[in-house]
Structure formats: structure tokens, C-alpha cells
1. With the requirement that a residue be part of a loop (DSSP other than H, G, I, E, B) and either under 17 Å from Val512 (Cβ atoms) or open to solvent by 20 Å² or more (accessible area, probe 1.4 Å) (or both), what does the stretch 546-559 give you?
2. Name the residues in the stretch 39-77 that are over 22 Å from Thr17 (Cα atoms) and either open to solvent by 60 Å² or more (accessible area, probe 1.4 Å) or of a type in the set (D, E, K, R) (or both), would you?
3. Among all residue pairs at least 6 apart or on different chains, which show Cβ distances below 6 Å where the first residue, located in the stretch 493-519, is more than 23 Å from Gly341 (Cβ to Cβ) and the second is in a strand (DSSP E or B) and hydrophobic (A, V, I, L, M, F, W, C)?
4. Quick check on this structure: which one of Phe347, Phe361, Phe373 is more than 23 Å from the chain's Cα centre (by Cα) and part of a strand (DSSP E or B)?
5. Can you tell me which residue in the stretch 312-327 is surrounded by the most Cβ atoms within 10 Å (Cβ to Cβ), limited to those that are in a strand (DSSP E or B) and among the hydrophobic types (A, V, I, L, M, F, W, C)?
6. Given the conditions (1) under 25 Å from Glu520 (Cβ atoms); (2) open to solvent by 30 Å² or more (accessible area, probe 1.4 Å); (3) small (Gly, Ala, Ser), which single one is not true for Gly341?
7. Restricting to the stretch 495-520, what's the tally of residues that are assigned to a loop (DSSP other than H, G, I, E, B) and out of contact with any Pro (no Cβ under 6 Å at 6 or more places or on another chain)?
8. Hey, could you check the stretch 246-265 for residues that are of a type in the set (D, E, K, R) and open to solvent by 20 Å² or more (accessible area, probe 1.4 Å) and say which is modelled with the highest pLDDT?
Amino acid sequence: SGAKVVRYNVEKDDTDTIADLGSRFKSITAGGTGDNSKDNWISFYAPAETTVCAMALEAPSNLYCANYSQVPNGPHRPDYSTIAKGVDAKSGKRYVLLASAPAMLFFSVDEAGKKLNFEYRGGEGTNSKGNNDGICDPGEPCLSTPHADTFEFNGEQYLITAVESFEPCGYYLVTYKLNVHDKPGLRAELGGGMKVIMQLFRCGGSDAWVDEHYGCAKSAPYCAVSTTYGGFRAQRADNDTTPIKRSAHLSEIFVVGKNGADVLRLMQNRSVPLKSEPDFSYWTAPRACMSPDGGYVVADSNFGEANKHRVLVIPTGLGPAKVAEGGVVDAASYQAKLARGSLFTVFGENLSGCVQFSASFPLPSDICGTSVFFNGAASSLLHASPGQVTGIVPEAGGGSPLVEVQRISSEGAVKAEAQMGAALAETAPSLFEYALTDGTRHAVAQAADYSLVGPETAYSRPLKRGEVGILYANGLGPADRPLLDFEPAPLQPLARTANPVEVIVNDVSQKVLFSGLVPELSRIFQVNFELKTDTPVQPVNEVYVRVLGSESPRSRLAIAP
């Protein structure tokens, strides 16, 4: 704000001034994507005084500055400044970057000398007609003012951006290792500092242009990359249905990790620049950013609707794994009581690096590197995602189990643990439910003709008295024959519950025709019952099941008058 560094407290909705530099500068600006380091250093530049500076927020009275007008081969016209995420492990330097034309300028903090030292100008461009030695010589096109951010990997500092190349023709996502001072623009395989990660699109007029933005995690080696449909000035009419020309990675949000070792595609953002939006649809580009640990990406998109931008919060499955408080629950009722052999769900953060369902039997004990253990016994898994993992409680489990979620990645094992307060039971009945558009939840039930039981709609109907209904349940206890956790329930002979199951509707016990595992599925029970003709009909009808004296939570059941 002017020549002040101002801190905004989101929770309190107020501000305070960290440093007032008005006695030295007319105004200061930063403007980069990643404006601070992992240890809270920031950079800025003062255009009137042609000065670039860095300072630690914990020690704002100490400024480390340099006059960029004194850098050779100028004048240099700044666009923004940014700073490395930390001190480079190899060079021992903290880098400050000034994105400027005709070349990006790289400085380092000299704490002893209380100044910034100039290190080098941005590397020679890949589309250069110069000597192609990777060094930014006078007259050559060089790395200058691209969209970019910095990240740290194995203690070394990097810049991530994109460059266009004419020979071969293409637009490439690249990284620059900041400690390679002598040949920053030469490809890494030739001894330089630039590494080509992937091609964003081909050039030559056949593909749509990709406009990209970057936001890197503060304390993890991951960067969010977001692309949109061409430059934001290429606007379309709101009702234009002309197909959009495609190119690789158009309108995507993805994560690049560990200097390109991992690329995780998160979603298509479908954000389209539209003529009715202000400022040439400038804010249409998603501009994704990341949480400090890399566990979440935040972006925005209009999804092709003018002036209807929505904030997206996307779990990546990266960063430290964490099981939520009370997050190990029954997969149907989401209550903490669990039975051996029943379906469980674990809620948390960064539990998996993918969103994937088990495709076939036998069920795996890990999905894309994620496993769940109950007192050391591995579970068979049905589904894994960053925020939720679902599987089968091992039959061998007992006592109050220690539940461990383990995620294996290229960085090694990441573990999260939770101690359950209740012991595993023989039975812990619960009914699966579904939600209506108004939020009310009903038991997942079918009539004998397999229509969904629910309010009278195009896809559901109430159950009639005298009809047979089918309930779907969890935790009804052991079957009448041994079953392996990872195998499907048999079709012939059917696996029935070892203990009798009661169905109670509006406090009336119903006639149970069958209770057992759904054949060729895994550990989902079905209970067939006949709804008695004398069952009273209430404004809100409720059903529950009971096994060995243990009752399921009550659920709604639509009954015809």
C-alpha cells in the first residue's frame, strides 16, 4: 500500500503496518505469484528509485536492496518481483528474482553486506537465434517476464514457467535451477539449469493457445499449474456454441511435483472468456494456488457462464496424511461403532494420491499406494481418494483397534494413525441411506420390482403394505459360511447371516424372508421383508434392523397410505 508493507488479518478483518518505507521509496510493489518464502521473506521493487529489495517479515528494519538500473545490458523494465522459497542448499544463497524485459534479473541476499548481490540475467531463450549456449547474451531473446513461481526440491531452489520454442515448434513447461549461474538457459541434460517437463501444446496454427498460471506450495516440492482457453482477450459471445479448438492440457488444473518427477492431473476447469464479463474476462484464468503443504489446490472458474465464478477447493492427496477426529466410521451410518467384516470409511486429509475404485475381485489391499491396517491386519479396499478411504474391517481384528492409513509415494511412506475408542463388535447394524434434493435422507430400499422406495417421483415410489421390500445394510455380523475379506459373496449357495435379523417399521416387527450378503458383491447385506398390512402409516415412517439386541440407527422409509 503505497510505500508500506501491510499485513491483513483475515480472522479479525483488520490490518497493521509491518514496515513504512515512505522515507526511502515513493512506492513499492511485488506482483509475483509466490510472494513469500517458507520462512517469511518477501521481495518488492520501487520503480521510481529503480531498486529491488528483500526483507524478513520478522525483521522489517533490515532491508537488502540493489539498484537494478546498474545491471549491464539495460535498461530493464520490471513487471514483478518474487523470491525463492528458502536458502539454496547447494549455493547457500537466498535468491530474489526481478521479472523484467528484456531479461529476468537474479539477485541473492548478502546479509553481511546488507544488500542484494546481482548474480546473472535470465537464461537464453529456447527460440533464440543466438549461440544457444544457455547464457543470456546482449541481443538474444532471454527469459524475461513470464508467468512463473518458485519452489524448493531437495533443498535446491527452482523457477517454474513455460517457454515457446520454434525449433522444434512447441510450447513447453520448464523449470530452471536457480543455482546454475553460468548456463541457466541450457538444457539440464547438456549441463545447464533448464529442464523440460512436458509439452503444453504444439504451435503452427493447428492448436488453441494455452495461457497458463502457477502457484507453488510454500513448504513442499509441488506446484499447481492452471491453463485456460487461449489468452483472456480472445473472448466469445455468451451464447456461442462453436466448438473450441483443442490442444494438449487446455483448460486444465494439474500439479507438477519434485521437479517434474510427478504430474497429477486434477480437473478440467472449463473456464471460458466471455464478452459480457468486465476487464476482458481477465479473471477467467483460474490462477490455481496451493496450500503450504501441497495438500490442497484453490482455483476459480466460471464454467462457461458469464460472471458466475466459483471457488474450487481440490484435495491433491499430497502432503502429510491425517485421519480426521473420529474419522474411522461405519460406511453406512458414519457412526463410530464397527463390526468385524463390515464396511468402514476413513475420513481425513491426503489419505491417497488418487481417486479410484476397485475394478474387480479379488479386492486389493492397496489402491495406488494407499493401505489401511487394523492392529496391523491389512484391509481389503473398495475405494480411495485424498479425503476418504473405504474398505472391509479384517475379520481377524479385535479389541479397540489402532487404525493406520499408509500412503506410499516416490518420497517414501506417509502414515496417519487413529486409535478407536470402541472395541470391534460381532454386529454393528446400520442401513445405507440416500439423500433427496431437500436434504432428507431415506433408507436405500427397493420394492420387489426393484423400483427405488421413496417419495412418488419419476424414479421412486412408496412401498405398499403387503409388498416385499429389500433393505441394504452393513454390519449384520458373520455369514453362515467362512468368507475371505477380498472375495465376493457367493451366488450359490447364498451366504446368509449367522444370526437372525429383525426388521421393525413404525415399531412393528416385520416378516423377514431373507437376510444375507448381496451375491457377487462385497460385504453389503440385503434383508428381504414383507411389510405387514397392519403396519401403521405415519407422517414420517421409520425403519431399523436389530441383530443380537443391537439396533441400527433409524431411517426414513416411504410407505403408501
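The values are calculated or read from the model by the stated rules, or taken from the named source; none is laboratory data. Because the structure is predicted, anything quoted here is derived from the model rather than measured. Positions of Cβ are generated from backbone atoms using ideal geometry, with glycine treated the same way; all protein chains shown enter the neighbour counts. Just so you know, the surface numbers come from the protein's heavy atoms only, side chains and all, with ligands and any DNA or RNA stripped out. Shrake-Rupley method; radii C 1.70, N 1.55, O 1.52, S 1.80 Å.
1. If the condition is that a residue be part of a loop (DSSP other than H, G, I, E, B) and either under 17 Å from Val512 (Cβ atoms) or open to solvent by 20 Å² or more (accessible area, probe 1.4 Å) (or both), then Leu548, Gly549, Ser552, Pro553, Arg554, Leu557 are the ones that fit.
2. Step one: filter the stretch 39-77 for residues over 22 Å from Thr17 (Cα atoms), giving 50, 66-77.
Hits for the stretch 39-77 are Ser69, Gln70, Pro72, Asn73, Pro75, Arg77.
3. Val505/Val543; Gln510/Val503; Gln510/Phe529
4. After ruling out the rest, the residue left standing is Phe373.
5. Step one: list which residues in the stretch 312-327 are in a strand (DSSP E or B), which gives 312-315, 322-327.
Applying the additional criterion that residues be among the hydrophobic types (A, V, I, L, M, F, W, C) yields 312-314, 323-324.
Values: Leu312: 19, Val313: 9, Ile314: 16, Val323: 22, Ala324: 16.
Filtering first and then ranking leaves Val323.
6. (2)
7. Step one: filter the stretch 495-520 for residues assigned to a loop (DSSP other than H, G, I, E, B), giving 495, 498-500, 506-507, 510, 518-520.
Still in the list and also out of contact with any Pro (no Cβ under 6 Å at 6 or more places or on another chain): 495, 499-500, 507, 510, 518-519.
Qualifying residue count for the region: 7.
8. Here the residue is Arg265.
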